[in-house]
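A short write-up of the structure that comes next.
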Amino acid sequence: MEKQNKGRLQILAVVGLLAIAAASCITTSPESAFKQAERIQTADAFERFARNYSQSPFAAEARKRAAELREKRGMGSLDDLLRKATKASQLERFIADHPRDPKLVLMAKFRIVEFDYQDVETKNPFRPTRPGNVSWEKFVSHYAFGEYLTLPDDPEMRKMYYDRVHTLLIRALARVDSYEAWMRYLSTYPDSPYFQQAAEQVEKVVLANADKWEGYDLLKNYLDFYDLKLNRPCPNRKSLERKFQQGLADAAVKEDTKQAYQRYLHAFPDSPDNDTIVLHKDNIEFAEARAHGDRARIGELIERYKGNKVDLAQSIVHQGKVYLEQMDFDEATRSASPRSLQDFIDQYTNKDE
């Protein structure tokens with residue numbers, strides 16, 4: 001019985017001490033509790049204060065210090081990991097452990113991009129199934145357009161993002177070198193310090209197709225991007241359009257059909273090459289007029305190009321005159337009239353060519 005009483009007394013003593021401790025915690029002032037958290041100087045201590053004294057004027061500061069301490073601890077872990085990591089999966093595990101620390105996540109992702117770039121460049125055979133580890137096209141698709149890494153709001157992190165990641169993205173895009181990929185980069189990052197470099201690559205791809213109408217469609221899309229999305233004119237607009245005027249003029253002459261010439265004239269009503277295009281179109285119409293015996297049309301073309309020094313124009317004039325002379329001769333001989341023959345002789349004798 002004595003032992004039982006002693007045990008009950010001990011239990012009551014412990015309960016009493018806990019009650020006193022609890023009362024002490026409750027009655028501790030926010031200022032004193034905050035100073036105690038400062039002495040402990042851990043993220044857990046500041047977070048506990050913020051929970052217990054959520055209405056205190058010190059609560060916001062406590063939450064801020066907790067976040068700073070957790071970031072500092074995380075940065076220390078990340079710095080150590082970045083020195084020791086040999087593969088991206090180690091960094092992915094770190095990201096999984098720190099999902100609420102955006103700066104740490106960004107730093108780890110920067111390094112993952114670098115790892116995967118190295119893997120594609122060296123054709124690393126050990127992780128062929130990782131996204132971006134199969135080809136430059138896969139790498140660009142996964143990393144270059146903002147899905148994996150969004151543009152950081154923090155200016156310092158944004159600069160680091162451009163310096164570390166976009167230098168690799170530009171190199172990878174150059175390996176792919178497609179109009180669609182370059183344009184998507186420009187559209188995703190209109191303020192990128194590498195914008196001009198990417199724009200030059202777009203123009204290079206476009207100009208490689210300057211003799212094709214498909215290439216002209218690419219050019220119009222590129223110019224519309226400046227006009228409609230960037231709200232400013234493309235700085236090289238005139239030179240690009242002139243290259244296409246020349247290239248498509250040469251292509252039309254090579255094709256040498258009325259449809260090709262008409263399409264060109266419709267697309268470029270003010271092109272300096274239009275006189276040449278019209279001349280070649282008229283040469284086709286001259287052949288059609290001869291085939292149909294269209295005397296009036298042949299006469300129009302002779303009159304249009306009389307005095308023109310271009311070889312093709314002189315050919316139209318010369319052949320037109322010869323053809324009309326032949327037509328008049330055939331008509332005179334068909335009539336078998338001395339008068340008609342004499343009229344023909346009078347018309348063409350000593351005629352100025």
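The values are calculated or read from the model by the stated rules, or taken from the named source; none is laboratory data. Only a predicted model underlies this, so the values are computations on that prediction, with no experimental measurement involved. Note that each Cβ is placed from the backbone with ideal geometry, even for glycine, and that neighbours are counted across all protein chains shown.
Filtering 71, 61, 47 for residues that are part of a helix (DSSP H, G or I), out of contact with any strand residue (DSSP E or B) (no Cβ under 6 Å at 6 or more places or on another chain) and modelled with pLDDT under 70 leaves a single hit, 71. Taking the numbered list (1) loosely packed, with under 14 Cβ neighbours inside 10 Å; (2) in the same structural domain as residue 322 (by TED's automatic domain parsing); (3) on the phi < 0 side of the Ramachandran plot in turn, residue 307 passes all entries but (3). Among the conditions (1) closer than 27 Å to residue 209 by Cα; (2) surrounded by 18 or more Cβ atoms within 10 Å (Cβ to Cβ), residue 255 misses just one, which is (2).
Put simply, of 298, 277 the only residue that is at negative phi and modelled with pLDDT under 95 is 298.
Report those helices (runs of 4 or more DSSP H) wholly inside region 176-291 carrying at least 2 residues which are more than 27 Å from the chain's Cα centre (by Cα).
237-255, 258-267
In region 252-269, the condition of being closer than 29 Å to residue 163 by Cα, without any contact (Cβ under 8 Å) to a residue 60 or more places away in the chain and not β-branched (Val, Ile, Thr) is met by no residue. For region 141-176, a residue qualifies if it is modelled with pLDDT under 95 and either within 25 Å of residue 210 (Cβ to Cβ) or polar (S, T, N, Q) (or both), and the qualifying residues are 141, 150.
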